[in-house]
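Read the structure below first, then the notes.
The values are calculated or read from the model by the stated rules, or taken from the named source; none is laboratory data. No experiment lies behind these values; they were computed from the predicted model shown. Cβ placement follows ideal geometry from the backbone for every residue including glycine, while neighbour counts extend to all protein chains displayed.
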Amino acid sequence: MGARQKPVATDAPAHLQAQARRIRDLRATARVSQQEAASAIGVSIRSYADWEAARAAPSRSRNLPRIAKYYGTTPDHIEYGDRRASAVDRAGAARARIEQTLERIAQSSERIESMLKLVVRDQLKVDAIEDFLIQVQEAPAQTDDNGGQAPPAPRAVGDRDRRQGPPQGAD
């Protein structure tokens, strides 16, 4: 699932290897990637991978409770193999995962809403341009006094004098 995992440190103390195995087993049971678990717990993927490979241990005061809460177990279970996670702990972990999911949904909804606003705004511009083009196509052609088609754009005052020559009656 993503990054290539390094092997478990076989020279690590037995209790650290057992703890790493329990963390790996919890993640496998939860069917999440190391990246997902690390992100949810609030640590780097490297730190999380080190815990699973027995190269480091999560801090007892900060990370072990976070891991336990995320997986719905107790810090004692992760550290010592004590499986006596209370129903309250499991419910709290489930609630935390639900809250995280709802937060991600809310963020996604906000992004989708802002994108829809942009699409609607752009569609209104397209509609206005289409309406204008239809009006131009349906409008009768303008003609000048002699029955010919009118010039495409209005002329400046100075242009008229040059085309028609000097004013009549002037010698």
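Points to keep in mind about this one:
- Subset of region 78-104 [at pLDDT 85 or above and in contact with a helix residue (DSSP H, G or I) (Cβ under 7 Å, 6 or more places away or on another chain)]: Ile78, Glu79, Gln100
- Filtered residue count, region 1-40, keeping only those that are surrounded by fewer than 17 Cβ atoms within 10 Å (Cβ to Cβ), basic (Lys, Arg) and at pLDDT 90 or above: 2
- Scanning region 56-80 for residues that are surrounded by 16 or more Cβ atoms within 10 Å (Cβ to Cβ), among the hydroxyl-bearing types (Ser, Thr, Tyr) and part of a loop (DSSP other than H, G, I, E, B) returns Thr73, Thr74.
- Among the residues examined, Val43 qualifies as closer than 25 Å to Ala94 by Cα, surrounded by 17 or more Cβ atoms within 10 Å (Cβ to Cβ) and modelled with pLDDT of 95 or more.
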